[in-house]
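Each remark here refers to the structure printed beneath this line.
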């Protein structure tokens, strides 16, 4: 018992000093601050003491005293203009100390996140002011509003002809795929697309392999001497697709993900290794950086289009499965793959999860979608770009698909 008390106080002291040191380090020279390292440490210790005593009255009295002292410190010099960040951090520090006894991991992890957030002030301000455009900001707000307003209103049951979809489940999957795309887009905006063609394409592959492929094709036509490098970047961008698909499938159905893990990861490895070897021989590091053209994936229109495509795939696949059996699923998935492999993968995983189709049928259907999607992107690269780009991109696609098909056939033979 004594050891637990000492550990709680030690953690409170460390957490308070950690937050306090960040506040002290970020203090402007000569500017008065209401709380520093020692104050934050004491506040966190007070929270731990209140937790250990277990008296709600003492806790509220202590918190009220801290609020009062911080308020006095904030208003003691009307000529100065303070922000509220330090005061709010001090109040949160008290509650983190209070949580340490019964919610140790939560309190410590939250404290670390708070320190990271406080230390990122300059980077966050620069990102919002200089990186995020007004259109991106309002598109993001509109999307978040749709997510948190629409989602609670959707029925959580299967509806429609043949009861082919669950509105809540479908909307959650749309949010998932859009969030992953947005994460890639944010990485591009934070790191800067001008760091290099291959780096920009690699990050862009998280957003949309189709958009990156078309953009690279246009770049190669504008500057034919970059065709080989664009091919390298295209292979890398499309290699990102496979671990991304695996993650999406795993979220919906872990069994299907386990079945496809080896083929998808092997295809990604072939793409990355092949692109790396080709980049070393092409001297790509000496080429001027070029930024792929990507649009904000959190705009409402692309999200709604994906939702319509997603529902269409659900309905057509369910219909084809009912009338034609597995052959119908393969045909529907192959055609749908022209639009989005992610939508096909999610719909197949959902059907496996609901025991509508088997894992083997779903795996073959997903690979049909991958193949048709790769063929479509190769044709677009040939039409919009140069033959050199199409040669390297097609070679990368072919190598990855051969390895994937072989591994899928081997997996199916063991079923």
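Okay, residues lined up against (1) surrounded by 14 or more Cβ atoms within 10 Å (Cβ to Cβ); (2) modelled with pLDDT under 80:
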{"position": "19", "(1), (2)": "yes, no"}
{"position": "29", "(1), (2)": "no, yes"}
{"position": "56", "(1), (2)": "no, no"}
{"position": "66", "(1), (2)": "yes, no"}
Note to self: Looking at 366, 402, can you tell me which residue is crowded, with 17+ Cβ neighbours inside 10 Å and either over 26 Å from the mean Cα position of the chain (by Cα) or in the same structural domain as residue 264 (by TED's automatic domain parsing) (or both)?
What the structure shows: 366
Item checked: Lone qualifier among 252, 212 - being assigned by TED's automatic domain parsing to the domain that holds residue 358, crowded, with 19+ Cβ neighbours inside 10 Å, within 13 Å of residue 393 (Cβ to Cβ) and touching a residue at least 12 places away in the same chain (Cβ under 8 Å) -> 212
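The values are calculated or read from the model by the stated rules, or taken from the named source; none is laboratory data. The structure presented is a predicted model; accordingly, all values stated were derived computationally and were not measured. Here Cβ is always computed from backbone atoms with ideal geometry, including for glycine, and neighbour counts include all displayed protein chains.
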